[in-house]
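FYI, it's all coordinate maths here, none of it is from the lab. Keep in mind it's a predicted model, so treat the numbers as computed, not measured. Every residue, glycine among them, receives a Cβ derived from its backbone with ideal geometry; neighbour counts consider all protein chains shown.
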Amino acid sequence: MNEYVVNYLKKDIEGYYFDKRNNEYKLKGVCCSFDRTRKDKALKQAKLEPVSFVKVYSYVNEFLELVREENGFTEKNIKIDTIKLDGKEHIIIDNGILVRDNNWSSSHWNGKTYDRYDKKYDVIKEKFDLERVSDVLWLKFTDKGHLAVVAKSCDINWDSKQSCGLLVQEIGESFDTSFAFVFPLTRQMIRTKAEPNSFYRKYSSEELECAVGNYLISKGVPIIDYFSHMGYKYDILAENM
């Protein structure tokens, strides 16, 4: 069986700092006055030509098909469908949803789970038979066509005060709030056909988030919030295995 995902789990240590108190590497902040790593990276990415929305969507869909194949599901998921969110129809193309007219209420993480989130995630969970409402990958763009971020979980937002929003402001652009790409992380992506009820998932949503972001980078797609999809922590032992 081919292992696709593992090839795209590498994290870039440039985006991390060593936390001496906790003896671990953590993602660098955006508001830090003495470290401009993420801001400078955003400026460099912004100088690159944006890749078309269609190509970005197709790349993500392509990679998720590779994940499904790796997990033992060899028949491609080719479909056109719709899903109704807030009374409006949105188109489903293969593994993803093109969500228009975005209006997402804020989510709240209590340290263990999301105890508040937009009910549209429940609709997506039911439509795609997800294990959790947070099993979604989403992408948002800037008004100049740049991919702003690759993110996971049930917290789609356009908050200009969060890290991604600050980086988009840094490059002199703003969010394109007219649409977002949402890719539900189905059971066929997180579990294998041979072990559909295994205690542990084959891939976590964090791993798929990282892999998809890195796959897009390998395809030449600039990402303004370049390090975000790589995760909050850097495990130096795991990275060097």
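One table, with the values for the structure above:
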read-out: Per-residue [θ]222 nm for the chain (sum of -39500 (n - 2.57) over DSSP H runs n ≥ 4, rounded to 500); value: -8000 deg cm²/dmol
read-out: Alpha-carbon centroid distance for the pair the range 96-126 / the range 1-20, whole angstrom; value: 27 Å
read-out: Ratio of the Cα radius of gyration of the chain to 2.2 N^0.38 Å, where N counts its residues; value: 0.99
read-out: Footprinting exposure proxy for 82, 192 (fewest neighbouring C-beta atoms within 10 Å first); value: 82, 192
read-out: Diffusion constant of the range 128-187 at 4 °C, which comes from Stokes-Einstein with the Kirkwood Cα-pair radius and 1.567 mPa s, µm²/s; value: 107 µm²/s
read-out: Nonlocal amide H pairs with residue 185, under 5 Å, H built at 1.01 Å; value: 136, 137
read-out: Three-way shape call for the range 1-77 based on the alpha-carbon gyration tensor, with the a/c threshold at 1.5; value: oblate
read-out: Per-residue Cβ neighbour rank within 10 angstrom, fewest leading, 159, 118; value: 159, 118
read-out: Evaluated at q = 0.09, 0.20 Å⁻¹: base-10 log I(q)/I(0), Debye formula over Cα of the range 1-132; value: -0.45, -1.26
read-out: Percentage relative contact order, the range 5-239, counting C-alpha pairs under 8 Å, at least six apart; value: 30 percent
read-out: Order of 75, 24, 173, 69 under a 10 Å beta carbon neighbour criterion, fewest first; value: 75, 24, 69, 173
read-out: Under the Karplus curve 6.51 cos²θ - 1.76 cosθ + 1.60, θ = phi - 60°, whole-Hz ³J(HN,Hα) for the range 132-140, x wherever Gly or Pro sits; value: 9, 5, 7, 7, 9, 10, 9, 10, 10
